[in-house]
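First the structure, in the form of structure tokens, and then the observations on it.
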Amino acid sequence: MHSSLLKMHGINKAFGGVSALRGAELEIGQGEVHALIGQNGAGKSTLIKILTGVYRRDSGTVDFNGKASTISNPREAQSSGISTIYQELTLVPLRSVTENIVLGYEPRRIGGLIDWKEAHRRSQEILARFNIDIDVKAPLGTYSTAIQQLVAIARAVSLNAKLVIMDEPTSSLDDNEVAVLFSVVKSLKESGVSVLYVSHFLDELFKICDRVTIMRDGQTVKNVAIEDTSKLDLIANMLGRNADDIESAGMTEFAKGEAKTGDVILKTKNVATKRLLRKFDLKIHRGEIVGLGGLLGSGRTEAARAIFGVDELTQGEIHLAKGVPQPVTPKQAIAAGIGFLSEDRKSEGIIPDMSVRENLTLALLPNLSRFGHIDHAREKELVASFISALGIKTAHMDQPIRELSGGNQQKVLLARWLVTNPSLLILDEPTRGVDVGAKLEIQSIIRRYVDKGLAVLLISSEFEELVEGADRIVVLQDGISVSELKNPGITEDTLVRAIAHHHTPEQQAVPRQENAHV
Amino acid sequence: MSDTNVAAETKQTARELMIPKFSFRKHGGLVALLIILAFNIAVTPNFLQMQTLFVNISQVATIAIVAVGMSLVIATGGIDLSVGAVMAVAGALAPIIFQSSLGVEYPVAGLVLSVLIPVLVAALCGLFNGTLVCVLKVQPIIATLILFISGRGIAMVMTNGQLQTFNMPSFSLLGTGKLLGFPFQGWLALGIAAVVAWIVGKTLFGRYLLAIGGNEKSAHLAGAPVRKVKIAAYVICGSLSGIAGLIVVAINSASDAARIGNLMELDAIAAAVVGGAVLSGGRAPIFGAVLGAMIIQLVKYTLLANGVADEVALIAKSMIIVAAVYIQQSRKE
């Protein structure tokens, strides 16, 4: 390891009494590409925000570039050489590339006017270092996300950054763009700039990172050179499990053959979309819960969006019951008997200003109306029955949904789909962000409906929920469904192993038993 | 036991004390209308006369009709700047139709067509706006700016930029006729508001409209036909503007493409906002928009009747908008 550029030691941080970081450590060498990984809520972003001065640490020391750091806001972080490239780009798409690069640091002429000639020249030069040759006078927004990201990096470097922090830089890039990004990271490294690389895509790390720090529950659990570790080891550490246990759990419990629970309700073949999904195969029968396992970014939500007609398929087929065409809009999917409880309750679920009643019946509306006129009596009757059946706590059915607790909002959204009497319900993180009581209630409601014949596609980052809830689990990696586990017999360890196990598309054709090696 | 009663009672009085402030937020428009009425009764000469009432009703009707359409567009989170220009197009078209050789030969058909065709063309203008916004994803303010500018130009070209006067009593009834003793267009505005309010409150389209304005992504995932509903809002807004354009022409028995509906977009937006519409969408208080239109009309009238210059009247109008937006901001919290 080179001499260290950054050393964060014993960092503690609590938010309102809940500790987010407990003695976290992070050490990055000069010219090193350092990965920071961990599950959601492990404390990665809190640690980064302390480093960049967004949050103030409760205790601990930060040494940057050989001296104790006094950074107390993002601006100071930038001027002392720490640049952050956020997941959501913070550039100005309508202004020119040059303006974005020099924003706030424009070269001046006498009299304080901006020297545009010099600014354009400088921008071109900066971009040339990354082999990017574009018209710097064109608005940034006319270029692809990848180029925009590279411009953000170029800006960071032009500010004489010593450390560039990249938060999920590849999540919105396609394969070619990722390759360009990697070459930029490499050239940064060659010029002595360190990179802190946060990513959920573990395979990437092995391509470009030197070292990796793993965080779990607000603590740093491991700091290791990338060549001394494996993907399985990384995952085991992220999840807090023993790699050997996962290994020995083996794949012996895989059930073979298909114990049919009912008619096939949905079958997908070779499905791919522009967003992440590359080859997704799935079969669901009446009355079963099929889980989708995989790390963040493995394409679980994208699979759901493809089935529900939100994302356009670029390849493959979706088969529903006989005579029902493949849905290409959510409206058609609903008409075909599919429901989709989306992962982001706030931005894709509730309509905050509308009432519980209006939110609950939104998907059912076409069936509630005759010639465009809503049958209010029947609407009220249905809503009342669901409020009592699901135990939704609301003052009255006309209360705005935003005034309800998260768990009750979620129950209303669940009811939005159950009231349509679907044959297949896709649940994307159905219990995220709800309290324990509501969580158990939601799970038992789902179980009740499955017993009556509902088929469920369950996406959950909580392995416990998947392992105990699902009859089968289809494991996704990089947008490809790579294997399938069958209950009874799935344990969290076998699931983790299936998720960590490296598959290539070619291997998929090989019978699963022969895959049992790491 | 008695202690709790006392406590409850004190709470009750405290709540009662808060009522004026609270209800001003909710019913600010109504309060403002009453204040302006009271002011006029006290100050403006001859205010309490039927003539005054008729003048105001015939003026407010066009603002109200357009504001109702504007409310639908604003409910989707959009805005329509082209309403004034669309009025001009419709208004310029009507006399051309009933004064054409066909219109002269078959007066009844000419009359019917001179109402239908302009409204249809106005609806097409709305379709154009809606398509730009929903299919080509142009921002509403820019998309409708196109017709805002070119629409009036088209109207001027159709009329060679000249004032067209006509003598067509049957058509003029639209602007000068009376029904049950009140100006016809007042009834028309009320009728339109009632129908649109019913659509918003009771139909699938209305529910979808508010859902889409409230959270477009959620609405889409719940199966709402986002594009159709939004385009329909622009089409309705365009059609209503067309009707308003016809009324203006009928009142004057003349069509002046340069003046019909001039600055109507501002009046309509102001009326909708004063009436409780939220520019980010999700709300369509139709009768609120009518109330807003009444306030704006009365303010105009008050200033005019008391000899305040037109330029100053414009400033006053902008103050209303500022006040409405201010109230809207505080309403959000």
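Numbers below:
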| item | result |
| --- | --- |
| Residue among B:Lys230, B:Lys202 that is modelled with pLDDT under 95 and among the basic types (Lys, Arg) | B:Lys202 |
| Qualifying residue in region A:307-316 (condition: at pLDDT 90 or above, surrounded by fewer than 22 Cβ atoms within 10 Å (Cβ to Cβ), more than 10 Å from chain B (Cβ to nearest Cβ) and in contact with a Leu (Cβ under 8 Å, 6 or more places away or on another chain)) | yes |
| Condition met for B:Ile286 (surrounded by 21 or more Cβ atoms within 10 Å (Cβ to Cβ) and more than 10 Å from chain A (Cβ to nearest Cβ)) | yes |
| Residues of region A:47-100 satisfying the condition of being among the small types (Gly, Ala, Ser) and either farther than 18 Å from A:Ser144 by Cβ or modelled with pLDDT under 85 (or both) | A:Gly53, A:Ser59, A:Gly60, A:Gly66, A:Ala68, A:Ser69, A:Ser72, A:Ala77, A:Ser79, A:Ser80, A:Gly81, A:Ser83 |
| Helices (runs of 4 or more DSSP H) within region B:159-256 that include 2 or more residues within 14 Å of another protein chain (Cβ to nearest Cβ) | B:184-202, B:204-214, B:216-221, B:226-252 |
| Filtered residue count, region B:134-159, keeping only those that are aliphatic (A, V, I, L, M), farther than 22 Å from B:Lys230 by Cβ and surrounded by 14 or more Cβ atoms within 10 Å (Cβ to Cβ) | 4 |
| Positions within region A:20-58 being under 26 Å from the mean Cα position of the chain (by Cα) and open to solvent by 60 Å² or more (accessible area, probe 1.4 Å), in sequence order | A:Arg22, A:Glu25, A:Gln39, A:Asn40, A:Gly41, A:Ser45, A:Lys49, A:Val54, A:Tyr55 |
| Yes/no for B:Ile260 being under 24 Å from B:Cys125 (Cα atoms), of a type in the set (A, V, I, L, M, F, W, C), more than 13 Å from chain A (Cβ to nearest Cβ) and crowded, with 23+ Cβ neighbours inside 10 Å | yes |
| Within region A:364-389, considering residues that are polar (S, T, N, Q) and assigned to a helix (DSSP H, G or I), the one most open to solvent (accessible area, probe 1.4 Å) | A:Asn367 |
| Selection from region A:115-136 of residues that are loosely packed, with under 14 Cβ neighbours inside 10 Å and either in contact (Cβ under 8 Å) with a residue 12 or more places away in the chain or in contact with a Gly (Cβ under 6 Å, 6 or more places away or on another chain) (or both) | A:Asn131, A:Asp135 |
| Enumeration of residues in region A:326-357 that are under 11 Å from A:Val310 (Cα atoms) and either open to solvent by less than 10 Å² (accessible area, probe 1.4 Å) or within 7 Å of chain B (Cβ to nearest Cβ) (or both) | A:Pro327, A:Pro330, A:Lys331, A:Ala333, A:Phe340 |
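The values are calculated or read from the model by the stated rules, or taken from the named source; none is laboratory data. Just so you know, these numbers come straight off a predicted model, no measurement behind them. With ideal geometry, Cβ positions are generated from the backbone for all residues, glycine too; neighbour counts draw on all protein chains shown. Accessible surface areas use protein heavy atoms only, side chains included; no ligands, DNA or RNA. Shrake-Rupley method; radii C 1.70, N 1.55, O 1.52, S 1.80 Å.
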